[in-house]
Structures are given as structure tokens and as C-alpha cells.
Amino acid sequence: MGAFDSASEQPAVPFGMLRDQPGDRVGSTVLRMAVGAQLRKRREAAGVSREEAAYLIRSSGAKVSRMELGRHRFKERDLVDLLALYGVDEDERKEFLDLARQANVPGWWQRYGDLLPSWFETYVAMEHAASVIRTYEVQFVPGLLQTDEYARSVVRLVHSDPEEVERRVDLRRRRQELLTSANAPQLWAVIDEAALHRAPADGGLCRAQLKLLLELNELPNVSLQIATFGRGVHPATCGSFTILRFPVQDLPDVVYLEHLNGALYLDKASEVEDYVDMWHRLCTRIDPPETSGSTLERIRAEVCAAS
Amino acid sequence: MGDVATGVDRTVAHSARMWNYYQGGKDNYQVDRDIAEEMLAIYPGYGIKARTCRYYLFRTVRFLTVEEGVRQFLDVGTGLPTAENTHQVAQQFAPESRIVYVDNDPLVLAHARSLLTSSPEGTTCYVDADLRDPDRILGEARASLDFREPVALLLLGVLGHIAEYEEALGIVRRLVDGLPPGSYLVQCDGTTTDASYVKALAEYHDAIGVPYNPRSHEQIAAYFEGLELLEPGVVPIHQWRPEHGLVGVPAAVDESGGVGRTPLRPG
């Protein structure tokens, strides 16, 4: 009953929400973001500027900013100094330090560090920490829903070394374990019908992929909506995008936009709202998830007939 | 810009999204937060009200599931998903529970369909219908629920969206009369017991997509006429079977409601 144990007051304990989550699933990324967000609140409440804080820890305003966004590991000595400056009491200081220590524990994906450009490593970490993943895909089946064969054929479009291809497929499989793990996130995916017709190699592979989608669509935490050709144009006048939500009240949704050689992470309220609004208009315009099973069956029949 | 085809409008404050903001949710726009903050400045009790309403939903649904053995719920005016939604509460105590969510807002329905998904043992389904069309609501509910068994009808904070009280009363009558014998009505709405609350609603009446009208405690009690009221009757909702936790007595809110049971035999 964590959400309701304080009917008369705002939650007194800033990290109350985190305690309800099994440690493994909260993940170091979201912890770091949460600790960073709290740190910013305390600094602002104490009326301390970023530059003043930076001076104290012999650093720059930009580094303090990165710490507060959770994009920087915490040094214990820096934290101790900052919390003292912000007038945080001893009990809370201890709590901050405990969480910061947990936040510094590396995630499973760091074993694949050599394969991952740093912008994608951040994504994998955030995906692991998310409670709701909303994703719109134009050309491919979303990574979390791909069969090994499908993933392999997509990876081969860009990579040729067989060993590296297999490790990349492994990584994708690891990411997919998320969907059936304890306390799994909710995945709400919109896939353009074109992506489902565009078989990466052969019809058999495409049929297997459609079969997997039909199975995953049955999971209670997976919701698929297909932007069918029959419904004509839809409001998503942009490319693929993903909106991540985290199980901490203070953390904003983050929009992930990938391009050829990098990625953008939007967390400014007005920019996130542009994408959230587009998402809302997209998924209220296309067929509801109840019809996705029959749509997938129809496409499977069409793909079978064509190959 | 508003989008006529989808019914999602980012330029006008929206009741369900504002309520989501008061509950501490993230499914709201800047325009919702702006109006919500202005209303909070007049009536600071919105945050407590939103949490207390959610806790009332939790206590009533748990009571019906655990104490009364109800396994079917018809939740009209679903709202945007939050931490403890009706099916999650019911299925937590009885996984086989079946829930029909009803709303007429496209944004609410899209969220409900994708995020309010059932345990494997039970079912959830979603009906696009207006509160002003009780026959359609009952017809759709019959398709998913077993009308030989009792159904709990939830009308939480929605009757205030009907401008005329007499019409709201008529809707309750028609819905309740259409339920199987031994069914339940769970209801609550904002009351005219606080002048600043009434003022906030009056001043922003036209600024919100679907305006809301508070009622007197007596008007709310009259929704239960002809039903057997379960203890403690129609009360300010923080007094409905309260649980005193570590934080002490729950804060008072300007919102009344109760739980009533329909006769076991019709007539």
C-alpha cells in the first residue's frame, strides 16, 4: 500500500517509491537518475547555484548538471560535501549514500560494452529500468519482439563478422528476457503494417516472426497496435521513436530517437509533450489492440500466399 | 492543435488528464497542469482529494471482493490508469475477477486497452460508451459479464459531469435497475461542503473540456434510494471504513459516497 500510506501529506520519504521495487529491476540507471533528481531539488531548495556547488567539489557547473541528470557516476566524497552544503540531515545523507552506492553497480549489459556505442548503452540501461515502454516502429519489428533469425538478418545488414553477429543477437535476446522477468515493464508497441510485410530474408523467417508476435501479443504486459494500410495515413509524421517511463514519480518520461550515428534523449517537458501528444493521436487513430491478433493472422496468410 | 479525427486536444485542459496530475501521474499536458495549478491556488485540497478517492476505490473494491464475494465489476468513468486500478485491486484478491471498463474519452480508452490488462485467470474489457446512454452500457456489460451473478457498478466521481442533477439521478436509476439481483452500487462525488472548492469549479467551469458539478451530501445520498446501504452508509469518503495507519486519521475531504446493494429479488 505504499502509494496510499500517507493520505494527508505528500510522501515524506523521497525514495519511498524505490524501496518498493526489487533491486534488480530498478537498475542502476534509474537509481542514478532518481538520486540526481533529488540532489537537484535539494540544491534548489537550499538556494545554491550549480556553480557554487561545482566550486565546492572542485568541478564545473556542467559536471554538476550531468550528476543531477544521472549521467555521471557519483563520487562518495563529492556527495558528502554537497549534501552538507545543502543542509541535508544525517539520516537522509546516509540514505543518499546507500542509494548512490547501489547506483554505481554495473548492469549486465556492460559485458557487451565493446559492441555498444555509448549512446546505445545508455538506451539499454534505460530500457532495463523502465516501467512502461511505448515504441513506434516504421520499418522493423521492435527489437524487444524480434525472433533470433529476424534479429540476425537485421544485424547482418550492417555487420559481417559471424562471431560479432552472434553476440549482437545474444544481446538482443538478453534484452527480450525483460518482457518475461519478474516485475516486467509494460510494452505498448505500434508497428506500421509495412514493417510486417517487409521480410528481411525469406518468407519462412517472416512467418516465424509473425508467429512470435502472435504469441507475445498474448502476454498481459505486451500490447500491440498495428497501423494498417486500410486505415490510411496516420498522425505520426516522423520516424520511429520510443518513450520510456520510469517507476519513480520525480523522473520525467524520456523520448529516445535513434539515427545512423547517434541518438537523442529528450527529457525537456515541452519536447517530450510533442512526442507524447503524437503518440496519443497515433494510437487513438489506428485499430485498437483487441484487433491485432486477427490483423497478424491476416498478414501471415498474405505473406504465406506470396512466398 | 486539436485533432478532430482522434479527439485528443492539447490546447484545452482535459478532466481526466488534470485528475491524473492531481494523483501524481505523468499523463498530462502543460495546459492541464496550468489550469490544475490555478484551481489548486483557489482550493488546495485537490491533491488530497485525488489520493483519497483512489484509496476509497481500493477499500471499496477490496471490501466487495473479500467480504461480499463479488467477482464482476462495471467501472464507468475509468479515467487514465494510475497505481491501483479496479482490476488490479479486484484480481489481487480474486484473480478470476472480470472487469468491464467504460469511458467515452478516446485517450482514456487507448490507455485502458493497452495498459489495463487482465490477470490470465480473469478478464478485462473496454467499452466506448457515454454515461448518458445507460442502455448501451448495460447491453455491452451483458456481453462480457454473467448477469445471473451480482455485478458491482462503480460510479466514482463521474455523475458530477452530468450538468442536471435530475438527469444524473435518472441515469443511476436506469443503470441500477438493469443490474442482476443482489448487485452493488459504489459511488462518490465532490460535495458543496467547501466554498473554495465550489468557487474553483465555478470559475473554471468553461476552461475544462468536460465541466464538473459538485452536489450536496443529500443529493448524493439520494442516488442510493431503494438500495440497502451497507455500513457506514453515505459518508464523506475518508470516513468510509477508514484504516488508521502510521499517519493517523485520514484527512477530511469534500467528497461523499457509499456502497449499496440492490434487492435480492426484483420488484
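Given (1) among the small types (G, A, S); (2) in contact with a Ser or Thr (Cβ under 9 Å, 6 or more places away or on another chain); (3) within 14 Å of chain A (Cβ to nearest Cβ), identify the lone condition not met by B:A143.
(2)
Given the criterion surrounded by 15 or more Cβ atoms within 10 Å (Cβ to Cβ), over 17 Å from B:G25 (Cα atoms) and charged (D, E, K, R), identify the matching residue among A:E290, A:E297, A:E258, A:E273.
A:E258
Looking for something away from chain B (no Cβ under 14 Å), over 30 Å from A:H280 (Cβ atoms), outside any loop (DSSP other than H, G, I, E, B) and out of contact with any strand residue (DSSP E or B) (no Cβ under 9 Å at 6 or more places or on another chain) - is there at least one such residue anywhere in the stretch A:130-147?
We begin by selecting, within the stretch A:130-147, every residue away from chain B (no Cβ under 14 Å); these are A:137-147.
Remaining after also requiring over 30 Å from A:H280 (Cβ atoms): A:147.
Adding the requirement that they be outside any loop (DSSP other than H, G, I, E, B) leaves none.
Looking for residues that are away from chain B (no Cβ under 14 Å), over 30 Å from A:H280 (Cβ atoms), outside any loop (DSSP other than H, G, I, E, B) and out of contact with any strand residue (DSSP E or B) (no Cβ under 9 Å at 6 or more places or on another chain), one finds none in the stretch A:130-147, hence no.
Which residues, counting only those in the stretch A:268-284, are in contact with an Asp or Glu (Cβ under 8 Å, 6 or more places away or on another chain) and without any contact (Cβ under 8 Å) to a residue 40 or more places away in the chain? Don't jump to the end; show me each part of the working.
To start, the set of residues in the stretch A:268-284 that are in contact with an Asp or Glu (Cβ under 8 Å, 6 or more places away or on another chain) comprises A:272, A:276, A:281.
Correct list: A:V272, A:V276.
Going by the conditions given, is A:A227 more than 10 Å from chain B (Cβ to nearest Cβ), more than 19 Å from the chain's Cα centre (by Cα) and surrounded by 14 or more Cβ atoms within 10 Å (Cβ to Cβ)?
It is true that A:A227 is more than 10 Å from chain B (Cβ to nearest Cβ), more than 19 Å from the chain's Cα centre (by Cα) and surrounded by 14 or more Cβ atoms within 10 Å (Cβ to Cβ).
A quick yes/no check of all residues on (1) more than 9 Å from every other protein chain (Cβ to nearest Cβ); (2) out of contact with any helix residue (DSSP H, G or I) (no Cβ under 8 Å at 6 or more places or on another chain); (3) surrounded by fewer than 22 Cβ atoms within 10 Å (Cβ to Cβ); (4) at pLDDT 95 or above:
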site	(1), (2), (3), (4)
B:L57	yes, no, no, yes
B:G69	yes, yes, yes, yes
B:P81	yes, no, yes, no
B:P106	no, no, yes, no
B:R132	yes, no, yes, yes
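Output the number of residues of the stretch A:170-188 satisfying the condition of being surrounded by fewer than 16 Cβ atoms within 10 Å (Cβ to Cβ) and at pLDDT 90 or above.
Total meeting the criteria: 5.
The rows are residues; the columns are (1) within 14 Å of chain B (Cβ to nearest Cβ); (2) closer than 19 Å to A:V138 by Cβ.
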| residue | (1), (2) |
| --- | --- |
| A:R207 | no, no |
| A:R231 | yes, yes |
| A:V255 | yes, yes |
| A:L264 | no, yes |
| A:S270 | yes, no |
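Can you pull out the residues in the stretch B:205-254 that are of a type in the set (F, W, Y) and within 14 Å of chain A (Cβ to nearest Cβ)?
Selection gives B:W240 alone.
B:A163 is checked against (1) within 19 Å of B:L131 (Cβ to Cβ); (2) within 14 Å of another protein chain (Cβ to nearest Cβ) and fails just one. What number does that condition carry?
Looking at each condition in turn, B:A163 falls short on (2).
Going through the stretch B:108-119 one residue at a time, which ones are surrounded by fewer than 24 Cβ atoms within 10 Å (Cβ to Cβ) and either in contact with a Lys or Arg (Cβ under 9 Å, 6 or more places away or on another chain) or among the hydroxyl-bearing types (S, T, Y) (or both)?
If the condition is that a residue be surrounded by fewer than 24 Cβ atoms within 10 Å (Cβ to Cβ) and either in contact with a Lys or Arg (Cβ under 9 Å, 6 or more places away or on another chain) or among the hydroxyl-bearing types (S, T, Y) (or both), then B:T117, B:S118, B:S119 are the ones that fit.
Could you tell me how many of the residues in the stretch A:75-98 are in contact with a helix residue (DSSP H, G or I) (Cβ under 7 Å, 6 or more places away or on another chain), acidic (D, E) and buried (at least 17 other Cβ atoms within 10 Å of the Cβ)?
Number satisfying all stated conditions: 0.
Whether any residue in the stretch A:237-249 is small (G, A, S), over 24 Å from A:D148 (Cα atoms) and surrounded by fewer than 19 Cβ atoms within 10 Å (Cβ to Cβ) is what I want to check.
yes
Any chance the stretch A:240-249 includes a residue that's more than 10 Å from chain B (Cβ to nearest Cβ) and either on the phi > 0 side of the Ramachandran plot or free of Cβ contacts under 8 Å to residues at least 40 places away in the same chain (or both)?
no
Of the numbered conditions (1) buried (at least 21 other Cβ atoms within 10 Å of the Cβ); (2) within 15 Å of the chain's Cα centre (by Cα), B:N213 satisfies every one except a single condition; which is it?
(1) is the only condition that B:N213 fails.
Out of B:Y21, B:Y43, which single residue is away from chain A (no Cβ under 14 Å) and either buried (at least 23 other Cβ atoms within 10 Å of the Cβ) or closer than 20 Å to B:T193 by Cβ (or both)?
Just a single option satisfies the conditions, and that option is B:Y43.
Within the stretch B:195-210, does at least one residue satisfy the condition of being assigned to a loop (DSSP other than H, G, I, E, B) and at pLDDT 95 or above?
Within the stretch B:195-210 (the criterion being assigned to a loop (DSSP other than H, G, I, E, B) and at pLDDT 95 or above), the answer is no, since none of the residues qualifies.
Identify all residues within the stretch A:104-129 that are out of contact with any helix residue (DSSP H, G or I) (no Cβ under 8 Å at 6 or more places or on another chain) and hydrophobic (A, V, I, L, M, F, W, C); write none if there are none.
The answer is A:W119, A:F120.
Could you check the stretch B:17-48 and list, in sequence order, the residues that are under 16 Å from B:L107 (Cβ atoms) and of a type in the set (S, T, Y)?
Across the stretch B:17-48, the qualifying residues are B:Y21, B:Y29.
For B:E121, indicate whether it is within 14 Å of chain A (Cβ to nearest Cβ), over 27 Å from A:Q249 (Cα atoms) and assigned to a loop (DSSP other than H, G, I, E, B).
Yes; evaluated as a whole, the condition is true for this residue.
The values are calculated or read from the model by the stated rules, or taken from the named source; none is laboratory data. Not measured: the values here are computed from a predicted model. Counting neighbours? That spans all protein chains shown, and the Cβs are built from the backbone with ideal geometry, glycine included.
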